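Worksheet: one structure, shown below.
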Amino acid sequence: MADGMSSEPATDAEESVKVGSQVHERMKFPLRMISQVVRGFGRGSSELGIPTANLSAEGGQFGDTNFDDLPTGIYWGFARIGDEGNVYKTACSIGYNPTYKNKTKTIEPHLIAPESDSRRHVSSCQETILKDFYDQTIRLSLVGYLRPELPFEGLDKLIDAIKNDIKNTEMLAGRKEDRNVIEEEAWVKSSDGI
Ligand code: ADP
Ligand code: RBF
Ligand code: MG
């Protein structure tokens, strides 16, 4: 694979930032995916208080690429579960969770309900807690790149960073004048193929 598009775990924060910005420049957005929601380590809810729906690598469709070649990073976009009509703004991590030094790659979106929604929690990170939707199909469009995934020292710093990602996602995904926002929200709402 070309330099700067490696999907291997980054060795340190500096390298990760450099690789991240190179990936950003070269990546083709939007990145559309359809897959099943599988069980991860259960850490999202229990340790961070922020659930993430892990996408199955098997049997999924990942735009015009494949799971292994997806570049690591933190992205913003939209998602929808099963045949629910609701489209959620979504902050998504792709990679190896370097804070935890995972050996396998994951795609993990956190679906964000509107601020006024009772499923939105007023806590350190403004997380959204929906009913579990394991084994359901998820449609996900990543419209843009937020930052590289980073190894944080301590969970509080990771939680702060995710809170910031949620804020940025709400702002970016709320720009109704952006053609990509309109098109990708519409694709996620539809049953169209990738
Ligand atoms: P796992 O390690 O199994 O992914 P998590 O603690 O990350 O466990 O919880 C993920 C599960 O929580 C999702 O698969 C989904 O069923 C549920 N869930 C509830 N609310 C959300 C949300 N806002 N975003 C993503 N998943 C959510
Ligand atoms: N994990 C990291 O190790 N570093 C990160 O920078 C990071 N950023 C994330 C940003 C968002 C928006 C989300 C939803 C997750 C992020 N994660 C990151 C993944 C997190 O460690 C993981 O979801 C939990 O460990 C549960 O699997
Ligand atoms: Mg998860």
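The values are calculated or read from the model by the stated rules, or taken from the named source; none is laboratory data. Note that the coordinates shown come from a computational prediction; the quantities given were computed from them, not determined experimentally. No Cβ is skipped: glycine too gets one built from the backbone with ideal geometry, and neighbour counts run over all protein chains shown. Surface areas here come from the heavy atoms of the whole protein model, side chains and all, with no ligands, DNA or RNA. Shrake-Rupley method; radii C 1.70, N 1.55, O 1.52, S 1.80 Å.
Within the stretch 131-163, restricting attention to residues that are assigned to a loop (DSSP other than H, G, I, E, B) and without any contact (Cβ under 8 Å) to a residue 60 or more places away in the chain, the residue that is surrounded by the most Cβ atoms within 10 Å (Cβ to Cβ) is PHE152. Scanning the stretch 99-114 for residues that are open to solvent by less than 30 Å² (accessible area, probe 1.4 Å) and away from ligand 3 (no atom under 16 Å from the Cβ) returns a single hit, ALA113.
Just a yes or no: is a residue in the stretch 39-50 open to solvent by 20 Å² or more (accessible area, probe 1.4 Å), outside any loop (DSSP other than H, G, I, E, B), polar (S, T, N, Q) and within 13 Å of ligand 1 (Cβ to nearest atom)? Among the residues of the stretch 39-50, at least one is open to solvent by 20 Å² or more (accessible area, probe 1.4 Å), outside any loop (DSSP other than H, G, I, E, B), polar (S, T, N, Q) and within 13 Å of ligand 1 (Cβ to nearest atom), which makes the answer yes. Across the stretch 103-130, the number of residues qualifying as modelled with pLDDT under 95, under 18 Å from the mean Cα position of the chain (by Cα), part of a loop (DSSP other than H, G, I, E, B) and of a type outside the set (A, V, I, L, M, F, W, C) comes to 3. Every condition in (1) within 15 Å of ligand 2 (Cβ to nearest atom); (2) buried (at least 21 other Cβ atoms within 10 Å of the Cβ) is met by TYR96 except one, and the failing one is (2). Scanning the stretch 143-194 for residues that are under 17 Å from the mean Cα position of the chain (by Cα) and within 16 Å of ligand 3 (Cβ to nearest atom) yields GLU149, LEU158, ILE159, ILE162, ASP165, ILE166. Residue pairs whose Cβ atoms lie under 7 Å apart, separated by 6 or more positions or on different chains, with the first residue in the stretch 25-49 and at negative phi and the second of a type in the set (Asp, Glu) and away from ligand 3 (no atom under 16 Å from the Cβ), are PRO30/GLU184.
Residues in the stretch 164-194 that are in a loop (DSSP other than H, G, I, E, B), open to solvent by less than 60 Å² (accessible area, probe 1.4 Å) and closer than 23 Å to PRO148 by Cα: GLY174 alone.
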